[in-house]
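What follows is a single structure, written as structure tokens, with notes after it.
The values are calculated or read from the model by the stated rules, or taken from the named source; none is laboratory data. No experiment lies behind these values; they were computed from the predicted model shown. Glycine also receives a Cβ, built like all others from the backbone with ideal geometry; neighbour counts cover every protein chain displayed. Just so you know, the surface numbers come from the protein's heavy atoms only, side chains and all, with ligands and any DNA or RNA stripped out. Shrake-Rupley method; radii C 1.70, N 1.55, O 1.52, S 1.80 Å.
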Amino acid sequence: KDYLYNYLFKEIDMLFNHLNKNKIKLNVRTIFFGGGSPTIFHREDLKNLVDKLKGYFDFSKVGYFTIEIDPRRVDADRLLWNHKKCGANRLSFGLQDFDPTVQRRVNRIQPQEIFKNILTKEVRKAYKTIAFDLLIGQPGQTKESMAKTCDQIIELRPTLIQLSLM
């Protein structure tokens, strides 16, 4: 709460004060909340952040509002709340790899079952994009482990797969 209300809100105010002072008006079409913070924030804190931004620009023009999700820290109800109360319409999961050895090495244990549990029919209906981020070149990854991960991803039916190389 200290970071959100005392620092991030202050930075947002400073940015928009600067833009207004210089007669610069933003035409925001895309919002991306990433880095795990959206998963850590309490529901009302996330809503307050969205409301803060709505006070500075026309939110109705935003086509894509993505929230990056740590699947270990949410359930389907939270994903639906993010959509209904905050307006998020795109999910991004930092999946990276399903291989247990790789997951242990990068300290990100998240088996496929977690995704199966939260990607319900209701969640899939609410979000126009469900993106999985794969990170290639992690410690312990092999061609075989990536092939198995890709098979597991296909079972989960994301609408988008994003690849990044280390």
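Worth a mention:
- Within segment 73-90, residues that are without any contact (Cβ under 8 Å) to a residue 40 or more places away in the chain and open to solvent by 60 Å² or more (accessible area, probe 1.4 Å) sit with their Cβ atoms under 9 Å from residues that are in a loop (DSSP other than H, G, I, E, B) and of a type outside the set (Lys, Arg), at 6+ positions apart or across chains, in these pairs: ARG73/GLY36.
- Within segment 54-77, the set of residues being among the hydrophobic types (A, V, I, L, M, F, W, C) and in a helix (DSSP H, G or I) comprises PHE59, ALA76.
- With respect to (1) modelled with pLDDT of 95 or more; (2) closer than 23 Å to THR101 by Cα, the lone exception for LYS143 is condition (1).
- Output for segment 1-53, where each listed residue is assigned to a helix (DSSP H, G or I), small (Gly, Ala, Ser) and either open to solvent by 60 Å² or more (accessible area, probe 1.4 Å) or over 23 Å from VAL74 (Cα atoms) (or both): none
- For LEU156, the requirement of being at negative phi and at pLDDT below 90 is not met.
- Of the residues making up segment 102-127, just one is open to solvent by 20 Å² or more (accessible area, probe 1.4 Å), closer than 17 Å to ALA76 by Cβ, of a type outside the set (S, T, N, Q) and part of a loop (DSSP other than H, G, I, E, B), namely PRO111.
- Residues in segment 131-157 that are aliphatic (A, V, I, L, M) and surrounded by 14 or more Cβ atoms within 10 Å (Cβ to Cβ) were compared, and the one that is nearest to PHE115 (Cα to Cα) is LEU156.
- Residue that is farthest from GLN96 (Cα to Cα) [pool: residues in segment 106-129 that are touching a residue at least 40 places away in the same chain (Cβ under 8 Å) and hydrophobic (A, V, I, L, M, F, W, C)]: ALA126
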